[in-house]
Amino acid sequence: MKRHGGGHRGGGHGGHGGRGPRLFEQGALKLLALHLLAGQPRHGYEIIKAIEQLVGGDYSPSPGVIYPTLTYLADVGWANATEQEGGRKQYAITPAGQEQLASQRTELAALLQRLGATRQEAGARGAPEIQRAMGNLKMALQMRFAQGTPDQALVQRVAELIDQAAVGIERL
């Protein structure tokens, strides 16, 4: 499931929704944006897509997070923005941004390692066999409960079966 938004990851290392650890700790998104700009100048949309690819497609930062980050980088002199055709801004790292990136190389390496682990995790969940099995479960649930309001005993039994499957998977 792809998540959008303000720096939280939806699944993986420790939970779903807001219960798991943050994908981007304080300042990490700025650092990652600088890293991506060091590779080549980019538009905000390209930064969003590059981050989505780095984490394996499970997370896509929202424009409401990326554009203020890029504006901040420009305001502090770590990036500059040039207006492109159609009013879009393209951002490029500055020498001061290169210095900042170099001063945080240890933090960047740890961040990229964490994102790589997230990407591997997303790849495993995205395996065709897993996707097929999850689709089968979803279809079975939809078909079973399409027959009207189930009684509480049936709901309880279905929940138990799903819980048993989850425990079995955790023990693998």
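The values are calculated or read from the model by the stated rules, or taken from the named source; none is laboratory data. Source: prediction; values computed, not measured. For neighbour counting, all protein chains shown are included, and Cβ atoms are generated from backbone atoms with ideal geometry for every residue, glycine included. The accessibility values were calculated without ligands, DNA or RNA, using every heavy atom of the protein model including side chains. Shrake-Rupley method; radii C 1.70, N 1.55, O 1.52, S 1.80 Å.
Where residues in segment 50-64 are in a helix (DSSP H, G or I) and open to solvent by less than 30 Å² (accessible area, probe 1.4 Å), which of them is modelled with the lowest pLDDT?
Quick first cut of segment 50-64, residues in a helix (DSSP H, G or I) only: 50-54, 63-64.
Restricting the remaining residues to those that are open to solvent by less than 30 Å² (accessible area, probe 1.4 Å) gives 50-52.
Working: ALA50: 91, ILE51: 89, GLU52: 86.
That would be GLU52.
Does LEU73 qualify as being within 15 Å of GLY27 (Cβ to Cβ), of a type outside the set (Gly, Ala, Ser) and over 16 Å from the mean Cα position of the chain (by Cα)?
yes
Out of (1) open to solvent by 70 Å² or more (accessible area, probe 1.4 Å); (2) touching a helix residue (DSSP H, G or I) at 6+ places or on another chain (Cβ under 8 Å); (3) closer than 24 Å to LEU29 by Cβ, what's the single condition that is false for LEU111?
Condition not satisfied by LEU111: (1).
Any idea which of (1) touching a Pro at 6+ places or on another chain (Cβ under 9 Å); (2) surrounded by 12 or more Cβ atoms within 10 Å (Cβ to Cβ); (3) modelled with pLDDT of 90 or more is the one LEU101 doesn't satisfy?
(1)
Among the residues of segment 65-79, what is the count of those that are open to solvent by 60 Å² or more (accessible area, probe 1.4 Å) and either among the aromatic types (Phe, Trp, Tyr) or farther than 23 Å from GLU107 by Cβ (or both)?
Result for segment 65-79: 2.
Within segment 150-172, which residues are open to solvent by 100 Å² or more (accessible area, probe 1.4 Å), among the hydrophobic types (A, V, I, L, M, F, W, C) and farther than 20 Å from LYS138 by Cβ? Before the answer, list the steps.
Here is the first cut: in segment 150-172, the ones open to solvent by 100 Å² or more (accessible area, probe 1.4 Å) are 152, 157, 164, 169-172.
Now drop any that are not among the hydrophobic types (A, V, I, L, M, F, W, C), which leaves 169, 172.
Matches in segment 150-172: LEU172 only.
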